[in-house]
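Structure, as structure tokens:
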Amino acid sequence: MKRRSVTKTKKSPPPIERQSKRVTHGIKARKWKIHCTIESKALRIPPATLRAIATQVLSEVSHEITIPEAHELHIMIINDARMREINFEFRHKDKPTDVLSFPQYTPDQIRGISAAPHAAGPYLGDIVISSETTKRQAKRFGVTVRQELLRLIVHGILHLIGYDHEGVPAREAQAMRRREKSIRSALGGR
């Protein structure tokens, strides 16, 4: 019987799992958990769409958040009447508005300038959006409801991470407007 020569093939090493290159301040890119409460169905936007928009925005700003524990966000869609109540309760303005943000952390904590309390938990904060105002503004600006929602979510998230445009020096307000525009542009918004 003739012996067959067996050619040994080199086994290729197992594929190396690629890790995300998005690392800032020693924090790997985080997986965001977006909670949605839809009290007003006027926008006809499913929670999955809200989550997708918010996740895109958060991916653009995540490197600005130095708190590793922060990985959750809550978005609430309500009507103008409810928004008016909340706006009056927290801002003493007796009228509805388009979006309100309720940050869990201070701007200094977000930027790593001061320590964040561990008790603060995983929430970055809450964003409350008025469905009726969103629809009116979309019509007034000549955009889709989804585009207006993107604008409001960008605005709300920037407030959560320490940007402001009211009661601050003009350069800070301009910085927020520039950042909003750059994020919307990166995400294909107006």
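The values are calculated or read from the model by the stated rules, or taken from the named source; none is laboratory data. Computed from a predicted model, the values in this text were never measured in an experiment. Here the Cβ is made from the backbone with ideal geometry for all residues, glycine too, and neighbour counts use every protein chain on show.
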For this session: Could you list, in sequence order, all residues of segment 175-190 that are in a helix (DSSP H, G or I) and surrounded by 12 or more Cβ atoms within 10 Å (Cβ to Cβ)?
Result: A175, M176, R177, R179, E180, K181, S182, I183, R184, A186
Exercise. Residues in segment 137-153: is at least one assigned to a loop (DSSP other than H, G, I, E, B) and loosely packed, with under 15 Cβ neighbours inside 10 Å?
Worked result: yes
Exercise. Within segment 35-57, can one find any residue that is surrounded by fewer than 17 Cβ atoms within 10 Å (Cβ to Cβ), among the basic types (K, R) and closer than 21 Å to I161 by Cα?
Worked result: no
Exercise. Based on what the data block shows, is I77 of a type in the set (V, I, T), more than 20 Å from H165 (Cα to Cα) and crowded, with 17+ Cβ neighbours inside 10 Å?
Worked result: yes
Seminar exercise, completed: If you go through E89, E85, E60, the only one that is touching a Leu at 6+ places or on another chain (Cβ under 8 Å) and among the acidic types (D, E) is E60
Problem set entry | Residues satisfying the stated conditions in segment 132-166, i.e. over 17 Å from F102 (Cα atoms) and not charged (D, E, K, R) | T133, T134, Q137, A138, F141, G142, V143, T144, V145, Q147, L149, L150
Exercise. How many residues does segment 82-107 contain that are surrounded by fewer than 16 Cβ atoms within 10 Å (Cβ to Cβ), assigned to a helix (DSSP H, G or I) and either in contact with a helix residue (DSSP H, G or I) (Cβ under 9 Å, 6 or more places away or on another chain) or without any contact (Cβ under 8 Å) to a residue 12 or more places away in the chain (or both)?
Worked result: 4
Seminar exercise, completed: From the option list R44, R82, R18, single residue qualifying as modelled with pLDDT of 95 or more and of a type in the set (K, R) is R82
Seminar exercise, completed: Out of (1) at pLDDT 95 or above; (2) farther than 20 Å from S40 by Cα, the one V168 does not meet is (1)
Exercise. Picking from G162, G112, G167, G125, which residue would you name as being in a strand (DSSP E or B) and surrounded by fewer than 22 Cβ atoms within 10 Å (Cβ to Cβ)?
Worked result: G125
